[in-house]
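Peer 1: One structure is given below, represented as structure tokens, and several questions about it will come after.
Every number in this text was worked out from the coordinates using simple rules, so none of it is lab data. Small disclaimer: the values here were computed from a predicted structure and weren't measured. We place every Cβ from the backbone using ideal geometry, glycine too, and count neighbours over all the protein chains shown.
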Amino acid sequence: MLNKILSITAILLALTVISCKNDVLPKPASYLRLDYQEAKYVNFENNCPFAFQMNEDAIIKGEKECGFAITYPKMKATIYLTYKPVNGNIDKLLRDAQKLTYEHVIKADDILEQPYLNPQKKVYGMFYQVDGNAATNSQFYVTDSTKHFLIGSMYFYAKPNFDSIMPAASYVKNDMQRLMETLKWK
């Protein structure tokens, strides 16, 4: 009888030790960590009525009428620049630039406006940071209010998911602000 009790106790003890395992828990969703090199800037100037600094790693492609596409192939991002001469139509150009930004309000969580004023260079404008899953994360416009008007917009070649593209969006946003702040009219 004692042998049976010892055998049953040994079996129960063995089953208890064998069955004690840590529960397997699923890992939470995460995104790839993206780190980029510190940006180095170069002057860009051609026959258009403006000049600016841009990231030396970006590729600029000229279009007609002083419009450009500044591409970031590693990030699959592009800054589109559109130049318009001012011919007594500054109010319409301002409305169109603001309308372009606020068309994203449906998908945006927030739109932050940052005015830009540089009276020495006669550069005045607005920088917009669009938070959320909108098609564009940053936009700006600058003008001298009498002759020149320039609009810039950033787009990614991916479905908008702000959490996953935030590091790249932040990097390109800094380049856009640098472009805006170094812009000179000719």
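Peer 1: Take the Cα coordinates of the range 51-129, assign each an equal point scatterer, and use the Debye formula without solvent to give log10 I(q)/I(0) at q = 0.16 Å⁻¹.
Peer 2: -0.87
Peer 1: Is the shape of the range 42-185 best called rounded, prolate or oblate, per the rule: a/c under 1.5 gives rounded, else a/b larger than b/c gives prolate, else oblate, with a ≥ b ≥ c the square roots of the Cα gyration tensor eigenvalues?
Peer 2: oblate
Peer 1: Among the listed pairs 76/147; 92/122; 92/186, give every one whose C-alpha distance is greater than 26 Å.
Peer 2: 76/147
Peer 1: Taking 35 Å as R0, compute the FRET efficiency from the Cβ-Cβ separation of residue 109 and residue 56 and round it to 0.05. Write out the running numbers ahead of the final one.
Peer 2: Values: r = 33 Å, r/R0 = 0.93.
Efficiency at R0 = 35 Å is approximately 0.60.
Peer 1: Hey, how much of the P(r) for the range 59-103 falls beyond 14 Å, as a percent of Cα pairs?
Peer 2: When all Cα pairs of the range 59-103 are counted, 61 percent exceed 14 Å.
Peer 1: Here is a further query. Place a label point 7 angstrom from the Cα of residue 118 along the Cα-to-Cβ direction, then list the residues of the range 137-157 whose backbone nitrogen is under 19 Å away.
Peer 2: Within reach of a label on residue 118, which here means backbone N under 19 Å from a point 7 Å along Cα→Cβ, the range 137-157 contributes 139-154.
Peer 1: Tell me which aspartates and glutamates have Cα within less than 13 Å of residue 99's Cα, excluding those fewer than 8 residues away on the same chain?
Peer 2: 91
Peer 1: Listed highest first by mean packing, meaning other Cβ atoms within 10 Å per residue, what order do 55-65, 38-48, 165-175 come in?
Peer 2: 165-175, 55-65, 38-48
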